[in-house]
Amino acid sequence: LTGCGRSPQTQFYTLVPTVPPTTSGLHASNLPTVAIAAVTLPELVDRPQLVIPDGDTRVAMLENRRWAEPLKTAIPRVLAENLSRSIGTGRVAFTRQHAAVEATCRVFVDIYRFEATERDVLINALWTIRCPGGTEPLVGESRLREPVAGTGYDQLVAAYSRTLGHLAQEMAEVLSVK
């Protein structure tokens, strides 16, 4: 009888853009073409399973809760869409897209913290925006905390998505004064 039990069904999650489209972006003549050139993240979370804390020094890799696409693909895709919406242009791509080849500005992001606590999602990142013309790179550090609204993994993933939206908005603010 014990051999007839069913395995729990695997659930898949995806990050989604959360920044609403803006109509107050940069003036069209000033819009750079931007590419999310590279995103790095800790190896601990760079895996198909969702990773959550399980005590002070342990983590749990949830075999039945998985990312629908690798985070190394999902994060640049979502950052590009959020940045595009933040600056009010469709001229933002991530490097897997053909449009990224023609980009005038390149964004490099080093996410050194991508984790959940009992109530929050935390993303800490160093980022650099390099534009041509001999200008100094635009650099920043973002330390973002987003509450998880409710319980469950859907809400956890939604909080990660909102946090990536905030990260893109911080980069957009720097780009807008460039």
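Would you please list the contacts, defined by Cβ atoms under 7 Å and residues six or more apart or on different chains, that run from a residue in segment 125-137 that is over 16 Å from Leu164 (Cα atoms) and open to solvent by 80 Å² or more (accessible area, probe 1.4 Å) to a residue that is part of a loop (DSSP other than H, G, I, E, B) and modelled with pLDDT under 90?
Pro132/Thr104
For Leu167, are the conditions met, namely being at pLDDT 95 or above, outside any strand (DSSP E or B) and not basic (Lys, Arg)?
Criteria met by Leu167.
Examine segment 163-172 for a residue that is over 18 Å from the mean Cα position of the chain (by Cα) and buried (at least 19 other Cβ atoms within 10 Å of the Cβ), and state whether such a residue exists.
Scanning segment 163-172, I find no residue that is over 18 Å from the mean Cα position of the chain (by Cα) and buried (at least 19 other Cβ atoms within 10 Å of the Cβ), so the answer is no.
How many residues are closer than 21 Å to Ile52 by Cα and of a type in the set (Lys, Arg) when one looks only at segment 127-178?
The total comes to 3.
Going through segment 138-148 one residue at a time, which ones are open to solvent by less than 10 Å² (accessible area, probe 1.4 Å) and within 17 Å of Pro32 (Cα to Cα)?
none
Within segment 109-124, which residues are in a strand (DSSP E or B) and of a type in the set (Val, Ile, Thr)?
Val109, Ile111, Val121, Ile123, listed by residue number.
Only one residue in Arg96, Arg85 is out of contact with any helix residue (DSSP H, G or I) (no Cβ under 6 Å at 6 or more places or on another chain), at pLDDT below 95, closer than 20 Å to Pro17 by Cα and assigned to a helix (DSSP H, G or I). Which one?
After applying the criteria, what remains is Arg85.
Identify, by number, the condition in (1) modelled with pLDDT under 95; (2) open to solvent by 20 Å² or more (accessible area, probe 1.4 Å); (3) more than 30 Å from Asp56 (Cα to Cα); (4) in contact with a Pro (Cβ under 7 Å, 6 or more places away or on another chain) that Cys105 doesn't meet.
Of (1) modelled with pLDDT under 95; (2) open to solvent by 20 Å² or more (accessible area, probe 1.4 Å); (3) more than 30 Å from Asp56 (Cα to Cα); (4) in contact with a Pro (Cβ under 7 Å, 6 or more places away or on another chain), only one is false for Cys105: (2).
Residue pairs, Cβ under 6 Å, 6 or more apart or interchain, first in segment 102-118 and hydroxyl-bearing (Ser, Thr, Tyr), second surrounded by 15 or more Cβ atoms within 10 Å (Cβ to Cβ) and in a strand (DSSP E or B). List them.
From residues that are hydroxyl-bearing (Ser, Thr, Tyr), the pairs are Tyr112/Asn124.
For Thr151, state whether it is open to solvent by 70 Å² or more (accessible area, probe 1.4 Å), assigned to a loop (DSSP other than H, G, I, E, B) and either aromatic (Phe, Trp, Tyr) or within 28 Å of Gln11 (Cβ to Cβ) (or both).
Yes; evaluated as a whole, the condition is true for this residue.
Can you spot a residue in segment 51-69 that is in a helix (DSSP H, G or I), of a type in the set (Ser, Thr, Tyr), at pLDDT below 95 and open to solvent by 20 Å² or more (accessible area, probe 1.4 Å)?
no
The values are calculated or read from the model by the stated rules, or taken from the named source; none is laboratory data. Fair warning: this is a prediction, and the values are worked out from it, not measured in the lab. Backbone-built Cβ (ideal geometry, glycine too); neighbour counts: all protein chains shown. Remember, those area values only see protein heavy atoms, side chains included, never the ligands or the DNA or RNA. Shrake-Rupley method; radii C 1.70, N 1.55, O 1.52, S 1.80 Å.
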